[in-house]
1. Within region 39-55, is there a residue that is of a type outside the set (Ser, Thr, Tyr) and closer than 13 Å to residue 112 by Cα?
2. When you look at residue 129, is it among the acidic types (Asp, Glu), at pLDDT 95 or above and not in a loop (DSSP other than H, G, I, E, B), yes or no?
3. Counting only residues that are farther than 22 Å from residue 33 by Cα and in contact with a Leu (Cβ under 9 Å, 6 or more places away or on another chain), which one in region 45-72 is most open to solvent (accessible area, probe 1.4 Å)?
4. Collect the residues in region 10-44 that are open to solvent by 50 Å² or more (accessible area, probe 1.4 Å) and in contact with an Asp or Glu (Cβ under 6 Å, 6 or more places away or on another chain), keeping them in residue-number order.
5. Given the structure, is residue 3 open to solvent by 70 Å² or more (accessible area, probe 1.4 Å), outside any helix (DSSP H, G or I) and modelled with pLDDT under 90?
6. Show the residue pairs that are 6+ apart or on different chains and have beta-carbon atoms under 9 Å apart, the first residue being within region 72-87 and over 15 Å from residue 130 (Cβ atoms), the second being open to solvent by 70 Å² or more (accessible area, probe 1.4 Å) and modelled with pLDDT under 95.
Amino acid sequence: QDKIDGMTDIQVRQWTPLALSFLGDCVWELHARQAYFFPRKHHKIYHNKVREAITAEAQAECLDDLLREEFLTHEEKCLLKWGRGGTGSIPPRFKGKKGREVYTKATSIECLVGYLYILDPSRLKTIMEFVGFLPEGCSSVLSPGETQAR
């Protein structure tokens, strides 16, 4: 069975940035879903809040915040640049200079999230706390119920 425990940077970089973005997109959404799950609300409220939080525009804004606050390490910034090159084809709604910029920012942060999910869950937790998706005191998106603040 393939597993992520004990993987090295070299092994993870054998995936394309687009593949890591695919994983990072899922991890991002899971963190958003957890963040908005507590306290109990109507399911339409969950859906709308999560849908808003997982847009490329919201991801690009979070990346801008991380960069503005100088929250990311040099290595993480290098990973963003690597991830920016792996956008694949741009969906029609992102055509144009401004849209392309938003889409590449979103793809690059998804790549970073996918990378950290595999290699450095502790750092991923710190970043998710910074963007507001992981309430302080909650150790992981995979261990629900530790903190129900929000």
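The values are calculated or read from the model by the stated rules, or taken from the named source; none is laboratory data. Quantities reported herein were computed from a predicted structural model and do not represent experimental measurements. Reconstructed Cβ throughout: ideal geometry from the backbone, glycine too, with neighbour counts over all protein chains shown. Accessible surface is based on the protein model in full, side chains and every heavy atom, while ligands, DNA and RNA are left aside. Shrake-Rupley method; radii C 1.70, N 1.55, O 1.52, S 1.80 Å.
1. Looking through region 39-55, none of the residues is of a type outside the set (Ser, Thr, Tyr) and closer than 13 Å to residue 112 by Cα.
2. no
3. 67
4. 25, the sole residue that qualifies.
5. yes
6. 82/13; 83/18; 86/16; 86/18; 87/18; 87/100
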